[in-house]
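Report on the following structure.
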Amino acid sequence: MIPEPGILSADEAIEKAFEYFEKYVERGQRLSHVLLEELEYIGEGDGWRVVVGFDIGRTKKTNASAVLFGEEKNEPIREFRSFIISEIDGSLIKLT
């Protein structure tokens, strides 16, 4: 479903989500690879769901079989935050 004219656009919802991300999640942390991961118009009265992914510096090692073959690697652990943004006024409804 595509929102009607006069309702918050996808671009505006993304901008709002990143503003809320900086305000409530980032808060001076040194996060990297902050990217838009998902965008969904939930529906009239429910707004937009915007998912932002990021790395905070933690890593995980590859599985044990990779170690046997000398291919052990540290990969960043990706985290995600989901923002529900009102399509009426851009307010934050929910953050998970």
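All of the numbers you see were taken from the coordinates with simple rules; none came from a lab. Quick caveat: nothing in here was measured; it's all calculated off a predicted structure. FYI the Cβ positions are ideal-geometry reconstructions off the backbone, even for glycines, and counts take in every protein chain you see.
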Set Lys and Arg Cβ to +1 and Asp and Glu Cβ to -1, take the dipole of region 10-95 about its Cα centre, and tell me which of Thr62, Phe83, Leu39 lies farthest positive. Thr62
Quick one: dipole size for region 10-95, taken about the Cα centre, charges +1 on Lys/Arg Cβ and -1 on Asp/Glu Cβ, in debye to the nearest 20. 660 debye
Arrange Leu8, Leu31 by Cβ neighbour counts within 10 Å, fewest through most, would you? Leu31, Leu8
Students often forget the sequence filter, so: which lysines lie under 21 Å Cα-Cα from Lys94 once same-chain residues fewer than 8 apart are removed? Lys16, Lys23
Identify all lysines with a Cα-Cα distance to Lys61 below 25 Å; exclude those on the same chain that are fewer than 8 residues away in sequence. Lys73
